[in-house]
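In what follows, a structure is listed as structure tokens, so that the remarks can point back to it.
No lab work stands behind these numbers, since they all come straight from the coordinates. Since we're looking at a predicted model, the values are computed, not measured. Using ideal geometry, Cβ is built from the backbone for each residue, glycine included, and neighbour counts are taken over all protein chains shown.
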Amino acid sequence: MNKADVILHPVRLRILQRFIGGKKLTAKELGQELDTIPQATLYRHLDTMVKSEVLEVVEENPVRGTIEKVYALNEAAANVRQQDLAKATKEDHMQYFTMFMTQLLSNFEEYLEQGDIDLERDGVGYRQAAFNLTDEEFRSFMGELNQVFLKAAENKPSSARKKRLFSTIVMPEKGRGDENE
């Protein structure tokens, strides 16, 4: 199984999100946070993620005659890179994108089900913007955006910080932008 298949699976994506920010969790703690995932399914996905090195066992604690494993994200292996996608077919890309969108819909539904929602207060938004950029301007824009993301990703969890999901999709508009206007 390639890394994109491992990471972009909807259940495994939900599991991965629990480890963002350097969190270390046991299967029991994950099961409490992800109580809609059956225990056997959770263990199967954890095993897949450890075997693919996306998660790693960072501690083993003896608990009543068994060993409780503590998992953490392997930051170096937890990203889908261009080379991971290079051999993907159109059908693979459609499947990955569908998985991504399914997870995004699930996250938004979880937000809406909280009850006391206020999009403005909570900083929730969804929009689409179009920019006219040369290839060089686009690379520069993405580089600057990446620096902003990296800076925010360095923030450690705290009681003053709220975990926020920021999802992006970037693609050229078909048949546009090549003409001289």
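Between V124, V80, V170, the residue with the greatest mean-square fluctuation in the GNM of the chain (Cα pairs under 10 Å linked by springs) is V170. Applying the Karplus relation 6.51 cos²θ - 1.76 cosθ + 1.60 with θ = phi - 60° to the stretch 27-43 yields 3J(HN,Hα) values of 4, 5, 5, 4, x, 5, 6, 10, 5, 8, 9, x, 4, 4, 5, 4, 4 Hz, where x marks Gly and Pro. Overall, the chain carries a charge dipole of about 640 debye about its Cα centre when +1 sits on the Cβ of Lys and Arg and -1 on the Cβ of Asp and Glu, all other atoms neutral. Given +1 at the Cβ of Lys and Arg, -1 at the Cβ of Asp and Glu and no other charges, the dipole of the stretch 66-159 around its Cα centre is 360 debye to the nearest 20. Between the listed residues G115, A77, N155, the Cα displaced farthest toward the positive end of the dipole of the stretch 65-162, a dipole computed from Cβ unit charges relative to the Cα centre, is found at A77. Structure remark: mean-square fluctuation, Gaussian network model of the chain, C-alpha springs under 10 Å; the largest value among R139, R12, R44 belongs to R139.
To the nearest 0.05, how large is the calculated FRET efficiency for M1 and L104 if R₀ is 22 Å and r is the Cβ-Cβ distance? The value I calculate is 0.45. Each residue of the stretch 85-97 was assigned a 3J(HN,Hα) from its phi angle through the Karplus expression (A = 6.51, B = -1.76, C = 1.60, θ = phi - 60°), giving 9, 4, 8, 6, 7, 4, 5, 4, 4, 5, 5, 4, 5 Hz with x at Gly and Pro. Straightening the chain between T36 and I67 buys 8.7 nm, computed as 0.36 nm per residue apart minus the Cα-Cα spacing.
Here the relative contact order of the chain, from alpha carbon pairs under 8 Å that lie six or more residues apart, stands at 23 percent. Tell me the net charge near T26. Cut-off is 12 Å between Cβ atoms, T26 excluded, with +1 for each Lys or Arg and -1 for each Asp or Glu. Once all neighbours under 12 Å are counted, the net charge is 0. Comparing I15, I67, I37 in a Gaussian network model of the chain (Cα springs below 10 Å), the most mobile by mean-square fluctuation is I67.
Note on V58 and M171: their simple-model spin labels are 3.6 nm apart, each label 7 Å out from Cα toward Cβ.
Computed per residue of the chain from DSSP H runs no shorter than four, each worth -39500 (n - 2.57), the mean residue ellipticity at 222 nm is -13500 deg cm²/dmol.
Annotation: amide H of Y71 within the under-5 Å range of L25, T26, V58, sequence separation 5 or more or interchain, hydrogens built in the peptide plane. Label-to-label distance, I20 versus L85, with points set 7 angstrom from Cα along the beta-carbon direction: 1.7 nm. The label-point distance for L112 and R164, in a model that sets each label 7 Å from Cα toward Cβ, rounds to 2.2 nm. The overall shape of the stretch 16-74 is rounded: from the C-alpha gyration tensor, with semi-axes ordered a ≥ b ≥ c, the ratio a/c is less than 1.5. What label, among [x] 170; [y] 124; [z] 110, belongs to volume of the Cα convex hull per residue in Å³ computed from the structure on display? This structure yields the entry labelled [x].
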